[in-house]
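Engineer: Questions regarding the structure given below will be posed in turn.
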Amino acid sequence: MDRQIRRLGFAFVGLFALLFAQVAYIQVVAADRIANQPGNAARQIRAEYETQRGAILAADGKTVLADSIAATGDTTFAYERRYPRGELYGQITGYYSRLYGRSGIEQALNPYLAGTASELATSNLTDLILGRPRKGGTVVTTVVPGLQEAARTALGDLHGAVAAIDPETGAVLALYSNPGYDPTELSTGSLDEMRAAWEQLNADPDKPLLSKAFQELYLPGSTFKLVTASAALENGWGPEKEWPNPLILDLPTTDDDLANFGGSSCNGGSKTVTMAEAFKESCNVTFGEIGLALGADRLARQARAYGFCPTLPPDQPGCLEPTYPFTLPAETGRFPEPSYFDQRIPALAYSAVGLDNDLSNPLQLALVSATIANGGTMLEPTLESQVRDPQGRVVKEFGPTIFGRPISTATAETMRQMMVSVVNDPGGTGSAAALPDITVAGKTGTATNGPDQPPNAWFTAFAPAGETQTPRIAVAVIVLDGGNLGNEATGGRVAAPIARAVIQAYLGG
């Protein structure tokens, strides 16, 4: 009898082993092959659309940026994705399309929105016990609705972008780019309608699917002087250090030279000029001298500290290493490896003023200004504040995370003073950003944009920037192709008024 029981037990063990092996084979070895079967793709999509996907909300927790509603008409899908604010948030939310997949927050936080994240397991179990359909979690972003609207209004019809950050937390307050796109066109309608919208968006030379605020890169022009000035201060060269002040800087080892914007003289044509005065007037000659004196190693080190990653030679653009983490795929600023300048010594002078092979975008530049505003501490940019389960309970929070300390507190204070002079002192290039009751610290930039093309206009700032005040917002603006001024455009004339409007909207209510 015992022998028969043992045999039966061995048989059961063998059967369980075979069952386990079969399950393991299906779920592990053959999972991809089975999932990729043409017939299963449609089933997976239908199954996914049986779940009411969670909403994406603005920072107020009320403004709906993306939501799923019951599908209407003759459809095989239970829900369809809608984006009530259209292009205003399209490059942030991304699209959720049964034809083209996901992008933006829809992709980055898909486990939460789809309800499959571990933090939502309790909610899912409750739904299962009570026989309720599963719902996805709600993602609350850090974007302030009124400020996002203000950025769009200030930019108007101009092609460009605005990024705004809270210096103390790294929270992204606004992130707007023009032109944009409405994700609803890729998530609703017939397959033919979605294909037509996709083809039109991809054929557009202005690339509306990519945000100019954080997914494209441009020459930063004189806004890069924030990095060069920081490097000088960190290496012991104070704001009152005198530098030679020729009309044109004769560059070594070449016939090239470097001139100030428009060929103007700096500091009234005096023989010398301080870095503080040169910063206020945005003198290329002086900062070219500073760049050459610093050398490639020290300038590159400061750029790396601010989050600019290395670039390969110009014919092989690409980032060699990640810098600050960000929810969405983002292009971080770039500055060449020191070895790039070994045979290109004059290029170092151009790089010190934001030309040659330097690259940036509004998000990167806003982070530099936010670091100065925050006393030298750089926070990682954050686009979400929390995730809520379908019952409204907070299951995950996204807090401030320190990226690094690119500059000392003393350097940050000196940079603040110099940036305030750009906006508020006579002769400063950023006077168009001044506000009557708010101290603004800023820096202008005007960058070449290809042969026979109008320049790109830049401005970055933070406020309030008084000596005893806590800055609450850092902003960066780019206006492409000279905006409405064409070849006459400068950062001070075109981009500074936009930054002013955004700051006033946030601090002035």
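The values are calculated or read from the model by the stated rules, or taken from the named source; none is laboratory data. Only a predicted model underlies this, so the values are computations on that prediction, with no experimental measurement involved. Cβ: placed from backbone, ideal geometry, glycine included. Neighbour counts: every protein chain shown.
Engineer: Mind checking which residues of segment 439-453 are in contact with a helix residue (DSSP H, G or I) (Cβ under 9 Å, 6 or more places away or on another chain) and either surrounded by fewer than 17 Cβ atoms within 10 Å (Cβ to Cβ) or within 19 Å of Ala259 (Cβ to Cβ) (or both)? Step through it out loud before you land on a result.
Structural biologist: Taking segment 439-453 first, the residues in contact with a helix residue (DSSP H, G or I) (Cβ under 9 Å, 6 or more places away or on another chain) are 439-449, 453.
Answer for segment 439-453, where residues must be in contact with a helix residue (DSSP H, G or I) (Cβ under 9 Å, 6 or more places away or on another chain) and either surrounded by fewer than 17 Cβ atoms within 10 Å (Cβ to Cβ) or within 19 Å of Ala259 (Cβ to Cβ) (or both): Thr444, Gly445, Thr446, Ala447, Thr448, Asn449, Gln453.
Engineer: A further question follows. Given the residues Thr468, Thr439, which is the only one that is modelled with pLDDT under 95 and either basic (Lys, Arg) or in a loop (DSSP other than H, G, I, E, B) (or both)?
Structural biologist: Step by step, each of Thr468, Thr439 is checked, and only Thr468 is modelled with pLDDT under 95 and either basic (Lys, Arg) or in a loop (DSSP other than H, G, I, E, B) (or both).
Engineer: Please state which one of Ser421, Ser385 is buried (at least 18 other Cβ atoms within 10 Å of the Cβ) and over 26 Å from the mean Cα position of the chain (by Cα).
Structural biologist: Working: Ser385 fails: over 26 Å from the mean Cα position of the chain (by Cα).
Just one listed residue meets the conditions, Ser421.
Every residue, every condition in (1) in a helix (DSSP H, G or I); (2) within 27 Å of Pro381 (Cβ to Cβ), yes or no:
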{"site": "Pro246", "(1), (2)": "no, no"}
{"site": "Asp255", "(1), (2)": "no, no"}
{"site": "Gly268", "(1), (2)": "yes, no"}
{"site": "Ala278", "(1), (2)": "yes, no"}
{"site": "Glu289", "(1), (2)": "yes, no"}
{"site": "Gln302", "(1), (2)": "yes, yes"}
{"site": "Ala330", "(1), (2)": "no, yes"}
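Engineer: Contact list please: Cβ distance under 7 Å, first residue in segment 260-277 and under 13 Å from Glu289 (Cβ atoms), second residue outside any loop (DSSP other than H, G, I, E, B) and among the polar types (S, T, N, Q), pairs at least six apart or on different chains.
Structural biologist: Asn260/Asn284; Cys266/Thr286; Val273/Asn267; Val273/Thr286; Met275/Thr286
Engineer: Out of Thr223, Thr188, Thr228, I need the residue that is over 28 Å from Pro325 (Cα atoms), crowded, with 16+ Cβ neighbours inside 10 Å and hydroxyl-bearing (Ser, Thr, Tyr). Which one?
Structural biologist: Details: Thr223 fails: over 28 Å from Pro325 (Cα atoms); Thr228 fails: over 28 Å from Pro325 (Cα atoms).
Just one listed residue meets the conditions, Thr188.
Engineer: Which numbered condition trips up Ala476, out of (1) outside any helix (DSSP H, G or I); (2) touching a residue at least 12 places away in the same chain (Cβ under 8 Å); (3) surrounded by fewer than 19 Cβ atoms within 10 Å (Cβ to Cβ)?
Structural biologist: Exception for Ala476: condition (3).
Engineer: In segment 233-243, is there at least one residue being in contact with a Gly (Cβ under 9 Å, 6 or more places away or on another chain) and either at pLDDT 95 or above or of a type in the set (S, T, N, Q) (or both)? Steps first, please.
Structural biologist: Taking segment 233-243 and keeping what is in contact with a Gly (Cβ under 9 Å, 6 or more places away or on another chain), we get none.
No.
Engineer: Right, here's the next one. For segment 343-382: of the residues being surrounded by fewer than 24 Cβ atoms within 10 Å (Cβ to Cβ) and of a type in the set (Asp, Glu), which is farthest from Ala259 (Cα to Cα)?
Structural biologist: Glu380
Engineer: Thr468 passes all but one of (1) within 23 Å of Asn361 (Cβ to Cβ); (2) surrounded by fewer than 19 Cβ atoms within 10 Å (Cβ to Cβ); which number fails?
Structural biologist: For Thr468, the failing item is (1).
Engineer: Would you mind telling me which numbered condition in (1) in contact (Cβ under 8 Å) with a residue 40 or more places away in the chain; (2) closer than 24 Å to Gly354 by Cα; (3) out of contact with any Lys or Arg (no Cβ under 6 Å at 6 or more places or on another chain); (4) surrounded by 15 or more Cβ atoms within 10 Å (Cβ to Cβ) Ser408 fails?
Structural biologist: (4)
Engineer: Further question: Does segment 150-159 include one or more residues that are among the charged types (D, E, K, R), within 18 Å of the chain's Cα centre (by Cα), modelled with pLDDT of 95 or more and not in a helix (DSSP H, G or I)?
Structural biologist: The initial filter retains those residues of segment 150-159 that are among the charged types (D, E, K, R), namely 152, 157.
Checking the rest, the ones that are also within 18 Å of the chain's Cα centre (by Cα) come to 152.
Next, from what is left, pick out any that are modelled with pLDDT of 95 or more: 152.
Checking which are not in a helix (DSSP H, G or I) leaves us with none.
Within segment 150-159, not a single residue is among the charged types (D, E, K, R), within 18 Å of the chain's Cα centre (by Cα), modelled with pLDDT of 95 or more and not in a helix (DSSP H, G or I).
Engineer: Among the residues of segment 197-219, is any modelled with pLDDT of 95 or more, assigned to a helix (DSSP H, G or I), out of contact with any strand residue (DSSP E or B) (no Cβ under 7 Å at 6 or more places or on another chain) and of a type in the set (D, E, K, R)?
Structural biologist: Looking for residues that are modelled with pLDDT of 95 or more, assigned to a helix (DSSP H, G or I), out of contact with any strand residue (DSSP E or B) (no Cβ under 7 Å at 6 or more places or on another chain) and of a type in the set (D, E, K, R), one finds at least one in segment 197-219, hence yes.
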